[in-house]
Amino acid sequence: MDLPRPRPAIAALPTYVPGARGDADRLPPVKLSSNETPYPPLPMVAAAIAGAGEVAHRYPDMFAVELHERIGAHLGLSAASVAVGGGSVAALQHVLQAYTGPGDEVIFPWRSFEAYPILTAITGATAVTVPLTSEARHDLDAMAAAVTDATRVLVLCSPNNPTGPAVRLEEFERLMATVPRRVLVVLDEAYVEFVRDAHAVDGLAALSRHPNLLIARTFSKAYGLAALRVGYVAGAEELIAPVKSCVTPFSVSAPAQVAALVSLDARDELMERVETVVAERARVADALRESGWDVPDAQGNFVWLPAGQRTGEVAHALAALEPAILVRPFAGEGMRVTIGTRDENDALLAALERL
Ligand SMILES: *Cc1c(COP(=O)(O)O)cnc(C)c1O
């Protein structure tokens, strides 16, 4: 009997493998695998989330009007220039749904964020990947050269997940001067709050210069709301309107909306935490370089260890420790390690020293 068949592009996607669950007779792991902040929500944020729980029988504001206005005000843009989604991954999905389909090409760097090939395949478009340079940076000249008549979207990830370097202003402007205006350029700035490279491009400032540019930002990383799923894309109103049309109704829950609003109010306090992570990042990267690791410039809340063929073995040995240290391995390439608390980072450095 013939059962329903998915579209071939969907059938070809990797099937989801659930992450390791905590083992009852082991200590809780040191989780440095998902680029989360090590700090729990501020008390005022936790209280707002609990308050939203009291009225969970009501639908949230369908269009998240207040949140769009608040994010717009925060960025110095109109509410119509912002499209909020269930995490910036969902917002990126809506961008691709709005602008691409079968036969269209989406260019992105590789190795980069694992969602890009999946989101591209789901929309039915064709992924065109451009290898990173030997310094684990975007090769923007090669990306510009990869544009064809079929290119609809070009994605940049700054800082690049999982390798760390940010896109520089000068190379970004060279790319934008070459790429035709009909190509939508999406600058994914999930870690923008952690960037300290004075030469890095600032996507928000670049919006006013480039009418074909969108930026993507999130509350999951610096704002510490990963579990609540709220992120957004921003740019010219004409570019954003079709993205809003693709957003799943009610996809940002009421607890997520209030948590994001309160987090914007508490921004100064949250940015102090970011400052701590940035200082720890420098300490960890320096220590790793001193012990011989070729760590690329780290501008996110993580560092990249190019362990090559030893990647699986090292990640496995870290996970076997008690407590386990969980990192994100990419077989044959290297591993991404999130900056945690000072104690967690010390545990990682000590373990790598012993291995
Ligand atoms: C974490 C991350 C995101 C955001 O994820 P959400 O939790 O969906 O907001 C987007 N892009 C990159 C490169 C990331 O690493």
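The values are calculated or read from the model by the stated rules, or taken from the named source; none is laboratory data. Predicted, not measured: the structure shown is a model, and the values here were computed from it. No Cβ is skipped: glycine too gets one built from the backbone with ideal geometry, and neighbour counts run over all protein chains shown.
If I ask for residues that are among the charged types (D, E, K, R), modelled with pLDDT of 95 or more and in the same structural domain as A190 (by TED's automatic domain parsing), which ones from region 33-62 would you list?
If the condition is that a residue be among the charged types (D, E, K, R), modelled with pLDDT of 95 or more and in the same structural domain as A190 (by TED's automatic domain parsing), then E54, R58 are the ones that fit.
Table: residues versus (1) in contact with a helix residue (DSSP H, G or I) (Cβ under 9 Å, 6 or more places away or on another chain); (2) under 30 Å from I339 (Cα atoms); (3) within 14 Å of the ligand (Cβ to nearest atom).
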residue	(1), (2), (3)
H68	yes, no, no
L77	yes, no, no
S81	yes, no, no
L92	yes, yes, yes
G103	no, no, no
F113	yes, yes, yes
S158	yes, yes, yes
Next item on the list: Sort out which residues of region 243-264 are more than 15 Å from the ligand (Cβ to nearest atom), modelled with pLDDT under 95 and hydroxyl-bearing (S, T, Y), and write them in order of number.
Entry: none
Check: Only one residue in V153, V201, V186, V195 is over 23 Å from V278 (Cβ atoms), modelled with pLDDT of 95 or more, away from the ligand (no atom under 12 Å from the Cβ) and of a type in the set (A, V, I, L, M, F, W, C). Which one?
Finding: V153
Check: Is it true that some residue in region 25-33 is among the acidic types (D, E) and touching a residue at least 24 places away in the same chain (Cβ under 8 Å)?
Finding: no
Next item on the list: Can you tell me which residue within region 119-137, out of those that are in a loop (DSSP other than H, G, I, E, B) and of a type outside the set (A, V, I, L, M, F, W, C), is nearest to V153 (Cα to Cα)?
Entry: G124
Check: Before we move on, is R5 closer than 27 Å to A125 by Cα and surrounded by fewer than 16 Cβ atoms within 10 Å (Cβ to Cβ)?
Finding: yes
Item checked: Qualifying positions in region 316-346 - free of Cβ contacts under 8 Å to residues at least 24 places away in the same chain and either closer than 23 Å to S134 by Cα or in a loop (DSSP other than H, G, I, E, B) (or both) -> P329, A331
Next item on the list: Check T129, T123 and return the single one that is away from the ligand (no atom under 16 Å from the Cβ), among the hydroxyl-bearing types (S, T, Y) and assigned by TED's automatic domain parsing to the domain that holds A205.
Entry: T123
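I'd like to know if region 294-305 contains one or more residues that are assigned by TED's automatic domain parsing to the domain that holds D23, over 25 Å from V274 (Cα atoms) and either not basic (K, R) or not in a helix (DSSP H, G or I) (or both). It would help to see each step written out before you state the result.
From region 294-305, those assigned by TED's automatic domain parsing to the domain that holds D23 are 294-305; that's our starting set.
Next, only the ones that are over 25 Å from V274 (Cα atoms) stay: none.
No, region 294-305 contains no residue that is assigned by TED's automatic domain parsing to the domain that holds D23, over 25 Å from V274 (Cα atoms) and either not basic (K, R) or not in a helix (DSSP H, G or I) (or both).
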Item checked: Residue that is surrounded by the fewest Cβ atoms within 10 Å (Cβ to Cβ), among those in region 320-346 that are under 22 Å from D25 (Cα atoms) and touching a Pro at 6+ places or on another chain (Cβ under 8 Å) -> P323
Next item on the list: Return the total of residues in region 76-89 being part of a helix (DSSP H, G or I) and either more than 17 Å from L187 (Cβ to Cβ) or not assigned by TED's automatic domain parsing to the domain that holds V233 (or both).
Entry: 2
Notebook entry, point to check: So A98 clears everything in (1) outside any helix (DSSP H, G or I); (2) under 24 Å from the mean Cα position of the chain (by Cα) except one condition, right? Which one?
Noted result: (1)
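I need a count of the residues in region 105-118 that are over 13 Å from the mean Cα position of the chain (by Cα) and in a helix (DSSP H, G or I).
Matching residues across region 105-118 total 2.
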Note to self: Going through I215, I240 one at a time, which residue ends up being of a type outside the set (G, A, S), within 14 Å of the ligand (Cβ to nearest atom) and either within 30 Å of P296 (Cα to Cα) or at pLDDT 95 or above (or both)?
What the structure shows: I215
Margin query: Could you list, ordered by first residue, the pairs with Cβ atoms under 6 Å in which the first is in region 252-280 and of a type in the set (S, T, Y) and the second is buried (at least 19 other Cβ atoms within 10 Å of the Cβ) and in a helix (DSSP H, G or I), at least 6 apart or interchain?
Written below: S263/V45
